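Coordinate-derived values only; no laboratory data. What you are looking at is a predicted structure, and each value in this text was computed from that prediction instead of being measured. When we count neighbours, we look across all protein chains shown, and the Cβ atoms used for this are built from the backbone with ideal geometry, even at glycine.
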Amino acid sequence: MGIFRHRNTFKHGVHPPENKSETNGLPIRQFPFSPLIILPMVQHIGSPSKIIVREGQEVHRGQVLAEATAYVSVPLHAPVSGVIRKIANVPTISGQMVQG
C-alpha cells in the first residue's frame, strides 16, 4: 500500500501516516458539555435498562440512572451532572424508538 511508507516493529495492523502538521502546534482545548444529553436505555444487543430516576430530579456525574434488567444488560450512569428534563421515547442511530 503506497500510503503506508514506513515499517513498524508490530507485524500486523494498520499504521496510517499521522498527518498532524495542521494541528500539532495548537493547544489542547476542553469543550463545554452540550446543554442537552440524550441517553437511550438500550445498547446494540441485550435488554433495556430500567430507569430509576424521575423527571425533574437533579443527578450527579457517576450516579446510577438505570439498572440492568437481565444478563445481557448494563446499568447506566450519568456522564454529567444536571437535571432530568424528560423521559420519553427517543430514536437510536438505527431509527428504532427506545426509552431514554
Note to self: Need pairs with beta-carbon distance below 9 Å; first residue assigned to a loop (DSSP other than H, G, I, E, B) and within the range 37-61, second basic (Lys, Arg); sequence gap 6+ or separate chains.
What the structure shows: MET41/LYS50; GLU55/ARG85; GLU55/LYS86; GLY56/ARG85
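If you check THR69 against the conditions, is it farther than 23 Å from PRO32 by Cα, within 18 Å of the chain's Cα centre (by Cα) and of a type outside the set (Lys, Arg)? So that I can check it myself, show each step before the final result.
Details: farther than 23 Å from PRO32 by Cα: yes; within 18 Å of the chain's Cα centre (by Cα): no; of a type outside the set (Lys, Arg): yes.
Taking the combined requirement at face value, the residue does not satisfy it.
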Next item on the list: Kindly indicate the residue of the range 79-100 that is without any contact (Cβ under 8 Å) to a residue 24 or more places away in the chain and of a type in the set (A, V, I, L, M, F, W, C) and also nearest to ILE38 (Cα to Cα) among those meeting that condition.
Entry: ALA88
Item checked: Scope the range 23-69; condition within 24 Å of ILE93 (Cβ to Cβ), surrounded by fewer than 10 Cβ atoms within 10 Å (Cβ to Cβ) and among the small types (Gly, Ala, Ser); matching residues -> SER34
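Every residue, every condition in (1) over 15 Å from the mean Cα position of the chain (by Cα); (2) not aliphatic (A, V, I, L, M), yes or no:
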site	(1), (2)
HIS60	yes, yes
LEU65	no, no
VAL74	no, no
ILE84	yes, no
ALA88	yes, no
GLN99	yes, yes
